[in-house]
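The block underneath contains the structure these notes are about, expressed in C-alpha cells.
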Amino acid sequence: MHCNMKLSSSELELLKSSSLNFQNAKVIGELINSDRTVGGIFMNAGNGDFSNPDVDKFEAKYCAWWPLARILLTIAKVFTGEKTDKVIDELLKLGDRVCK
C-alpha cells in the first residue's frame with residue numbers, strides 16, 4: 001500500500017469538524033474493492049476500461065455531496081490496493097469534471 005493523500009487545509013478542517021472519519025473512508029474503499037464498477041458507473045472497470053462512465057448514475061450518487069465524497073475517496077486509498085486505487089482515481093477525475 002502507498003499513501004498519496006493530498007488534502008488541502010480546508011479539506012482537513014472539514015474532516016476534523018464533521019462526523020467523517022477513517023472508518024467511513026475504509027468502508028467506502030472496501031465497497032469499491034468489492035464492486036469495481038461502483039454500482040454500474042464504470043461497467044467495464046473489470047477490464048481496466050474507464051472510458052465510458054455512466055455520468056447520470058455518478059451525478060445521482062455523488063454530486064450532491066461531492067466535497068465530502070472527494071475527501072473520503074481520497075482517504076480510502078490508504079486502505080486499498082492498486083486496482084481499487086485506479087477506480088478511485090477515475091471517480092475523483094469524473095467528480096471533479098461533472099460535479100460543479
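The values are calculated or read from the model by the stated rules, or taken from the named source; none is laboratory data. What you see is a predicted model, and the numbers here were worked out from it, not measured in a lab. When we count neighbours, we look across all protein chains shown, and the Cβ atoms used for this are built from the backbone with ideal geometry, even at glycine.
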Residues located in the stretch 71-88, provided they are assigned to a helix (DSSP H, G or I), out of contact with any Lys or Arg (no Cβ under 8 Å at 6 or more places or on another chain) and surrounded by fewer than 19 Cβ atoms within 10 Å (Cβ to Cβ): Glu82, Lys86
Single condition Met5 does not satisfy, out of (1) at pLDDT 90 or above; (2) in a loop (DSSP other than H, G, I, E, B): (1)
Conditions (1) within 14 Å of Arg97 (Cβ to Cβ); (2) β-branched (Val, Ile, Thr); (3) buried (at least 16 other Cβ atoms within 10 Å of the Cβ): number failed by Val55: (3)
Filter result for the condition that a residue is modelled with pLDDT of 95 or more, within 25 Å of Glu13 (Cα to Cα) and more than 11 Å from the chain's Cα centre (by Cα), over Val78, Val98, Val55, Val27: Val98
Pair list, Cβ under 8 Å, 6 or more apart: the stretch 83-98 residue touching a residue at least 40 places away in the same chain (Cβ under 8 Å) and closer than 15 Å to Glu59 by Cβ, other residue surrounded by fewer than 18 Cβ atoms within 10 Å (Cβ to Cβ) and among the acidic types (Asp, Glu): Val98/Glu59
